[in-house]
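Everything below concerns the one structure shown next.
The values are calculated or read from the model by the stated rules, or taken from the named source; none is laboratory data. No experiment lies behind these values; they were computed from the predicted model shown. As a convention, Cβ positions derive from the backbone with ideal geometry for all residues, glycine included, and neighbour counts pool all protein chains shown. Only protein heavy atoms, including side chains, enter the accessible area calculation; ligands, DNA and RNA are left aside. Shrake-Rupley method; radii C 1.70, N 1.55, O 1.52, S 1.80 Å.
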Amino acid sequence: MSYIKKPKISHPGLPRNAIGLTLRDYEGSMSTLCAGCGHDSVSAAIIQAYFDLSIEPHRVAKISGIGCSSKTPTYFLGGAHGFNSVHGRMPSIATGANAANREMQYIGVSGDGDSLSIGLGQFGHAIRRNINMMYVIENNGVYGLTKGQFSASADVGSTAKKGEANPYQPIDPVSMAISLGCSFVARGFSGDKEHLVPLLKAAITHPGFALLDVISPCVTFNDHEGSTKSYEFMRENERATVYADFIPNHEEITASSEPGGLETITMHDGSRIRLRRVAQDYDPGNRAQAFSHVEECSRAGEIATGLLYLDTGVAEMHELAGTTEDSLSSLDYSRLNPGNEALAKLQQRWR
Amino acid sequence: MKPTDTSDPQHYHRVVDCQFGCPAHTDVPHYIRQIAQGQFTEAYLENRKSNVFPGILGRVCDRPCEPACRRGRIDEKPVAICRLKRVAADLSDDIRDRLPQKGESNGKRVALVGAGCASLTVANDLLPLGYDLVMFEQHAVPGGLMRTNIPSFRLPPEVLDDEINLIVERGVDLRLNTRIDSMKELLNEGFDAVFVGTGAPKGKDLDLPGRHDTDRIHIGIDWLESVAFEHRDSIGERVLIIGVGNTAMDCCRTSLRLGGTDVKVMARKPRGWFKASEWELEDAEEENVEILVNHSPKEFVVENGKLIGMKFDKMEYEIDDDGNLSRGEVVSEEFIPCDDVILAIGQDNAFPWIERDLDMEFNKWDAPEVDRNNYQSTVPGVFFGGDAAWGPENIIWAVEHGHQAAISIHKHCSGEDIDDRLPRGMNLLSTKMGIHEWSFSNDFDGSPRTQMQHVDLTERFKKISVEVELGFDPEQAAREVERCLNCDVQTVFAEKLCIECDACIDICPVLCLTITENGEEDDLRGRLSAPAENKDQVLYVSDELPQTKRVMVKDEDLCVHCGLCAERCPTGAWDMRKSRLLVPFAVDEAKSTEERKAG
Ligand SMILES: Cc1cc2nc3c(=O)[nH]c(=O)nc-3n(C[C@H](O)[C@H](O)[C@H](O)COP(=O)(O)OP(=O)(O)OC[C@H]3O[C@@H](n4cnc5c(N)ncnc54)[C@H](O)[C@@H]3O)c2cc1C
Ligand SMILES: Cc1ncc(C[n+]2csc(CCOP(=O)(O)OP(=O)(O)O)c2C)c(N)n1
Ligand code: SF4
Ligand code: SF4
Ligand code: SF4
Ligand SMILES: [Mg+2]
């Protein structure tokens, strides 16, 4: 929170992207979060990712629940559409919006409380339907907005600011998403944008449900010693597994940008994700391996980050449901609502 | 890169672009804030401390601070620093009782030759220390070129009188109408030190055919002087000014006030190569002076003893890829009729009154050899400053020379080493008042530069002494002060406290912060949040950060001192601290001598 607004001046040498916009055109209103909150950094990474991808802000819909994290869509892409839903209900709003207009880009922003406590059920079903959206959990292990109670992602033994330890098993959104067959599962850290921005770009481009769990420290209630979601803990215990470098489809692959030993995965629109493995034998296409890797790390007190699981072969919601190619919003009224006669005909089939 | 040594006053001094650009190191943002708070007298005194003549300089300073001003890099037009200085002078109370009086005589006598701004500054600095000062001036009035050459429509004589009196009336023995004709004799008078502030009095001539066949060809600075002393009050209708520097601008505008109706300034080169400041050109063109480019003077045409015009070679130039102008080619000849010609092509210093058989070394331009650091000639105890030292410059440089020469004179007279001078210092004071509150106005004000109002064209030609610029009214001043970016309020970083949350990086509106792996300067400059292309501004590089061992890098070039980095920092690793450059004057040297003596 600051008293003055970020002045609308920009570096005269600020680069422009393919559609002529600068980074600052992707900003939103001034953040009201605590100074140093990891969520602000995630917003900055999101701004960078959409800028890099040259996506027009008005082609994007931002949907969120309740929480400090869920407030953040206000702070990026001021020109995008937005919906702040009820606590834990972001997935159903996103599902509805996506069903009505498949041509938009969807970004859901949620917190560990919003998605793993009150919204756990909706979260699971959005994955199951493979809605074409990027789903970002800004994970800080606490309910930041309501003053720092443990959330469902807090690790056993992790302590609160005043010292009491959490006794409950954590729910790890990454393991859960892998086990539910989520088509894109990744984890990043708000304090490492070099790693986070490419993950975001890959997630935005992925044609299906892309879960991105971002460890995003709550500086006010969960950045102390004893926390397993602090800046310092992450810096000591992050285990980067596979770095994902995103290559947009218009960019040519040259010999120098494609060193040997790197695997490239081509997405439906022709863009590619290049994987840089830190663990040489890790295969993000292998669901069982992905699952056990995340488990192993967690048992060792480490946090597995990177693009952990990817399956480009899963059909997304519209394909599964066989909906029209055009978005519902673009259909004229007579097609959208064929009238009483058509309804009667339809009902006749079940008589 | 090595971690930046911010304990060196030079680091933060460079960030304050205007102050760094000012030869006398006027603390611009400090006085601008004083004006903002309505403390006009304090603002005047703050100015006076370093530049001695705020009322004069607020009108006619060459203002090297303005092209340097950071604001110009953000929205093209710098803060109207010079005009704000005039606001301080216009609205200041009488400050006589706030100046130090002449100190008790220390028995040392110093001769000051010339009563221009350089000598006057030396007097200003030495008076409080108890020196007996004798100032010799050939003219009947003090002021030097400020009096004789800067026209009264730019600088009213009352303003000049006022600020000169502030010095002289405190006890300078000013001997008017007293020309020094022999350095030898002066040295024989037993002064403890001599300061030569005689300026660069010789206007350059142009020896072309016809030059000596008429009396209607004038040397610019002499002509302006004769106008100032009212020896001349008219000129022909058609006037050609040769040269396009600031003297030319004063000559053409003065001509318009003495009867010239068709006044042309003849430039040898294209526009980008003019010597005159942009604002002087603007003011002249506003008065319908025509500036003709690419005309190289060839001949004065005199018929029957009467000047009828001038012949010029019309030139064509090429500009190469580096922006250099070729020598030019003559493409044709042109005759331009006129009644008078004024030559404004430069000045030289001249020292006919200094005997060459003294131990004073002269260089190849026949000017005395003067030490750039201590202003002393090769004769111990004889110092030079202002235009007399290294050729024509401007008032603010002459003032700075005066300050430095005063230090040397004091050291010389106290028997100390004149090269052992006090170093500059730097004070830093936090401006934090609350979580989101600072003791300076940190919000960015997007207002465009305030335009100066001018007297109507018809009005201003009625009398030569009608001052053209009206000055800012308090409302205009209040708007203009907010444009200042407070470059003296420094972003001070404490790496130990940084948790690398990126909050400052993300909030900075001009992307001047980066946390990254250290590297060599060129490499670092290329991979910052926004490439740091202006190499005149330094990079700040921190020590290793505690968590990742990367470094915090700040490109000081574009920072708007909004304080958002400090507001967003959860650990207070950034603070906004007001810097104050401590520039030693003669009085400080004297204090330090005393302290040393007292042990
Ligand atoms: C036309 C013109 C316009 C200018 N406009 C500006 C401007 O707008 N802004 C700006 O900053 N600068 C301007 N300048 C430059 C500025 O006036 C000078 O740089 C400055 O005045 C130099 O000060 P000084 O004290 O060194 O010498 P001067 O001002 O030249 O003073 C020297 C004094 O010494 C006296 N003197 C000389 N020889 C002797 C002697 N032997 N015995 C006794 N007395 C002697 C002279 O009469 C004179 O009074 C202008 C110059 C000219 C020519
Ligand atoms: C239905 C309902 N129940 C409870 C709340 C109170 N509440 C607001 S935010 C929040 C938790 C938010 O935690 P999280 O999603 O982790 O967001 P953070 O603030 O940590 O980013 C709770 C329980 C609410 N707003 N609505
Ligand atoms: S309470 Fe925690 S999560 Fe909420 S804004 Fe503050 S630091 Fe961020
Ligand atoms: S913005 Fe203000 S402090 Fe900064 S250079 Fe300009 S006048 Fe000086
Ligand atoms: S004060 Fe801080 S945030 Fe503001 S421009 Fe300077 S570095 Fe950037
Ligand atoms: Mg949370």
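Brief remarks follow.
- Partner lysines whose Cα lies under 28 Å from the Cα of B:Lys77, excluding those fewer than 8 positions away in the same chain, are identified as A:Lys5, A:Lys6, A:Lys8, B:Lys49, B:Lys85, B:Lys269, B:Lys275, B:Lys535, B:Lys554, B:Lys578.
- DSSP-loop chymotrypsin sites (Phe, Trp or Tyr not before Pro) across region B:190-260, with at most 15 other Cβ within 10 angstrom: B:Phe229
- Environment charge at B:Leu558 (Cβ cut-off 9 Å; Lys +1, Arg +1, Asp -1, Glu -1): -1
- Neighbour-limited loop hits for GluC sites (Glu not before Pro), region A:318-351 (at most 15 other Cβ within 10 Å; DSSP other than H, G, I, E, B): A:Glu325
- Ranking A:Met90, B:Met1 from most to least accessible surface, computed with a 1.4 Å probe over the protein chains only, gives B:Met1, A:Met90.
- Per-residue SASA entry for A:Asp155, accessible area with 1.4 Å probe, Å² rounded to 10: 50
- Within-11-Å neighbourhood charge of A:Ser41 [Cβ basis; K, R +1; D, E -1]: -4
- The listed residues B:Glu225, B:Glu517, B:Glu459 rank as B:Glu517, B:Glu459, B:Glu225 when sorted by accessible area, largest first, using a 1.4 Å probe.
- For region B:308-336 versus region A:129-178, the inter-centroid distance based on Cα atoms is 77 Å.
- Other protein chain Cβ atoms within 10 Å, averaged over every residue that makes up A:31-37: 5
- Our note on the geometry: Cα centres of region B:183-231 and region A:1-46, 61 Å apart.
- Pairs of lysines in region A:23-319 whose Cα atoms sit within less than 21 Å of one another amount to 13, provided the residues are eight or more positions apart or on different chains.
- Within region A:23-319, antiparallel bridges make up roughly 35 percent of the DSSP beta bridges whose residues both belong there.
- Computed over chain A, relative contact order equals 15 percent, with contacts defined as Cα pairs under 8 Å that lie 6+ residues apart.
- Ranked packing of B:112-120, B:434-442, most packed first, by mean Cβ within 10 Å: B:112-120, B:434-442
- Rolling a 1.4 angstrom probe over chain B with all protein chains present gives an accessible area of which 46% lies on carbon and sulfur atoms.
- Per residue accessible area of the protein assembly as shown, 1.4 Å probe, in Å²: 43
- Between helix A:193-205 and chain A there is an angle of about 20 degrees, using the helix long axis and the longest principal axis of the Cα atoms.
- Per-residue ellipticity at 222 nm computed for chain B from its helices equals -8500 deg cm²/dmol, with DSSP H segments shorter than 4 residues left out and the rest contributing -39,500 (n - 2.57).
- Separation of alpha-carbon centers, region A:198-218 and region B:436-514, rounded to whole Å: 42
- Carbon-plus-sulfur accessible fraction, region A:26-119 (probe radius 1.4 Å, protein heavy atoms only): 56%.
- Local electrostatic count at B:Gly116 - Lys and Arg +1, Asp and Glu -1, tallied over other residues with Cβ under 9 Å: -1
- Cα-based helix-to-principal-axis angle, B:395-413 vs chain B, degrees rounded to 10: 80
- C-alpha long axis of helix B:157-168 to longest principal axis of chain B, angle in °: 70
- For region B:391-462, the set of trypsin sites (Lys or Arg not before Pro) satisfying both a DSSP loop assignment and a count of at most 11 other C-beta atoms within 10 Å is given as B:Lys462.
- Shape of chain A, Cα gyration tensor, a/c cut at 1.5: rounded
- Between chain B and chain A, roughly 2600 Å² of accessible surface gets buried, counting both sides and using a 1.4 Å probe.
- Our summary gives region B:203-347 a relative contact order of 33 percent, counting only alpha carbon pairs under 8 angstrom and 6 or more residues apart.
- Complex-versus-alone comparison for region B:548-573, residues with a loss of 30 Å² or more in accessible area, probe 1.4 Å: B:Leu558, B:Leu564, B:Glu567, B:Arg568, B:Pro570
- Computed over chain B: relative contact order in percent, which uses C-alpha pairs under 8 Å that are six or more apart: 17
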